[in-house]
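Structure first, commentary second.
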């Protein structure tokens with residue numbers, strides 16, 4: 001269960017656990033900082049194969065937590081939540097070996113895809 005009201009939520013089903021884990025970790029940190037009641041999530045969505053999280057009332061510490069989950073999302077199947085091995089190159093989304101078979105789009109190895117970004 002998501003710990004915050006999110007004004008606009010457009011995440012794929014496979015990322016539900018990831019978003020719930022993010023919310024739980026953020027809630028703990030915000031409680032520790034005394035900022036839980038001041039924190040607002042404006043939008044959570046998928047864009048270009050990764051989580052996008054827009055908020056108000058966070059800190060550098062909460063931003064670090066969010067960045068960690070954005071990285072996790074890049075390697076999490078957007079359909080089922082299992083580790084992703086492929087990424088589609090039309091509408092950019094990560095998929096596991098099982099779910100990629102149901103997708104009608106060109107795909108490449110996720111490692112190869114992100115390797116080109118590092119060069």
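The values are calculated or read from the model by the stated rules, or taken from the named source; none is laboratory data. Keep in mind it's a predicted model, so treat the numbers as computed, not measured. In this analysis, Cβ positions are derived from the backbone assuming ideal geometry, glycine residues included, and neighbour counts consider all displayed protein chains.
In segment 97-110, which residues are farther than 13 Å from residue 74 by Cβ, out of contact with any helix residue (DSSP H, G or I) (no Cβ under 6 Å at 6 or more places or on another chain) and modelled with pLDDT of 90 or more? Give the steps one after another, and end with the answer.
Just the residues of segment 97-110 that are farther than 13 Å from residue 74 by Cβ, to begin with: 97-109.
Next cut, out of contact with any helix residue (DSSP H, G or I) (no Cβ under 6 Å at 6 or more places or on another chain) only: 97-106, 108-109.
97, 98, 99, 100, 101, 106, 108, 109, listed by residue number.
Among the numbered criteria (1) farther than 30 Å from residue 27 by Cα; (2) touching a residue at least 60 places away in the same chain (Cβ under 8 Å), which single criterion is violated by residue 93?
(1)
Considering (1) free of Cβ contacts under 8 Å to residues at least 60 places away in the same chain; (2) surrounded by fewer than 16 Cβ atoms within 10 Å (Cβ to Cβ); (3) under 18 Å from the mean Cα position of the chain (by Cα), say which one residue 13 fails and leave the rest.
Looking at each condition in turn, residue 13 falls short on (1).
Only one of (1) more than 15 Å from the chain's Cα centre (by Cα); (2) outside any helix (DSSP H, G or I) fails for residue 27. Which number is that?
Here residue 27 clears every test but (2).
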